[in-house]
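Reviewing the structure listed below.
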Amino acid sequence: MEASAALSLQSCSWIGSEKVGRKTSGFARLSNRCLEERKVSMLRFGDPRRSGASIRTGHAERKIFCCHKKPSGSENFHNSFDEALVLKRKSEEVLPYLSGRCIYLVGMMGSGKSTVGKILAEVLCYSFFDSDKLVEQAVGVSSVAQIFKEYSEAFFRDNESEVLKDLSSMRRLVVATGGGAVIRPINWKYMKQGITIWLDVPLEALARRIAAVGTASRPLLHQEPGDPYTKAFAKLTALSEQRGKAYANADARVSLEHIADKKGHGDVHALTPTDIAFEALTQIESYVIENAAALNHRFILG
């Protein structure tokens, strides 16, 4: 059995919403279980039934369980272990600069906002929220595509703005926003209460990702004619032209092409979510340090 690695941190409870007639009002409640200064993290590897060792360093205890039967498994174990440690150390460097500010991830559909957001939330001991999911729960409909169909895109956007408004009053959140959240200036007002990060992914890579899983969950793509990749690429190109300047309003940009170049990869698909999360933390740290005075002023004004 090959060794596998996973970073596990205690999660915090999430958000709720209530429906009033056909309009909705989201609300957020953070669990007291998410302590401001949580220092304990644990990395579990492989099968706990096998022999293992415990390593203590300062406040953190890491337990390692590994099976060494296959060289490839051992290599995967070490790579995953190193990635997890490097990411955790970077998060500990960045955390003091955040001062509890929320992080909002923006970018095109399929750019990995939810995947990267969950990783960031874990290593920072933040709570993670997906704004699309919150709108679905507030409206009582199972998918964004269904909301578009039963109501309208404008109805969805109204509820999306309400969700972002409610989240803007919170602290210590990582929020994955919908691809179109950037088109309304009011949403930027809410998101700028925290730090906004643009996940910039090449359109070809986005189209391949979306084509691989289908377009049923993408209301702006599903009705387009043609094969999945062609219609995804065409629509994404149009959306990019419409939203490109809006995405550029983000406080920091995480370019997957740039990360791939730094790592010597010829294709962004070779990047792991951990690679992207690390770059996001690096960009956040750089932005916060360079703009500390302006950020404090913005945060105080609310």
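Some points to look at:
- On inspection, Ser127 passes the criterion of being modelled with pLDDT of 95 or more and among the small types (Gly, Ala, Ser).
- Any hit, the range 53-73, residues being at pLDDT 55 or above and not in a loop (DSSP other than H, G, I, E, B): yes
- Hits in the range 268-291 (condition: surrounded by fewer than 15 Cβ atoms within 10 Å (Cβ to Cβ) and free of Cβ contacts under 8 Å to residues at least 24 places away in the same chain): Ala270, Glu290
- Looking only at the range 235-267, and only at residues there that are among the acidic types (Asp, Glu) and not in a helix (DSSP H, G or I), the one that is most open to solvent (accessible area, probe 1.4 Å): Asp267
- Any hit, the range 131-150, residues being open to solvent by less than 20 Å² (accessible area, probe 1.4 Å), closer than 18 Å to Ile197 by Cα and touching a Phe, Trp or Tyr at 6+ places or on another chain (Cβ under 6 Å): no
- Residue within the range 146-155 that is under 25 Å from Asp200 (Cα atoms) and among the β-branched types (Val, Ile, Thr) present: no
- Close pairs (6 angstrom Cβ cut-off, 6 or more residues apart or separate chains): modelled with pLDDT of 95 or more in the range 236-258, among the charged types (D, E, K, R) and surrounded by 19 or more Cβ atoms within 10 Å (Cβ to Cβ) anywhere: Arg253/Asp200; Val254/Glu279; Ser255/Asp200
- The set of residues in the range 166-218 that are modelled with pLDDT under 95, part of a helix (DSSP H, G or I), open to solvent by 10 Å² or more (accessible area, probe 1.4 Å) and aliphatic (A, V, I, L, M) comprises Ala211, Ala212, Val213.
- Residues that are without any contact (Cβ under 8 Å) to a residue 60 or more places away in the chain and within 22 Å of Arg208 (Cβ to Cβ) are absent from the range 101-112.
Conditions (1) hydrophobic (A, V, I, L, M, F, W, C); (2) under 20 Å from Ser255 (Cα atoms), marked per residue:
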| residue | (1), (2) |
| --- | --- |
| Gly117 | no, yes |
| Asp130 | no, no |
| Gln137 | no, no |
| Gln146 | no, no |
| Glu150 | no, no |
| Val163 | yes, no |
| Val174 | yes, yes |
| Gly179 | no, yes |
| Lys192 | no, no |
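- Counted residues, the range 78-113 - those being polar (S, T, N, Q) and crowded, with 20+ Cβ neighbours inside 10 Å: 2
- Residue pairs whose Cβ atoms lie under 9 Å apart, separated by 6 or more positions or on different chains, with the first residue in the range 161-181 and at positive phi and the second part of a strand (DSSP E or B), are Arg172/Ser127.
The values are calculated or read from the model by the stated rules, or taken from the named source; none is laboratory data. As the structure is a prediction and not an experimental result, all values here were calculated from the model. Don't worry about glycine lacking a Cβ; one is built from the backbone with ideal geometry, like all the others, and counts go over all protein chains shown. Only protein heavy atoms, including side chains, enter the accessible area calculation; ligands, DNA and RNA are left aside. Shrake-Rupley method; radii C 1.70, N 1.55, O 1.52, S 1.80 Å.
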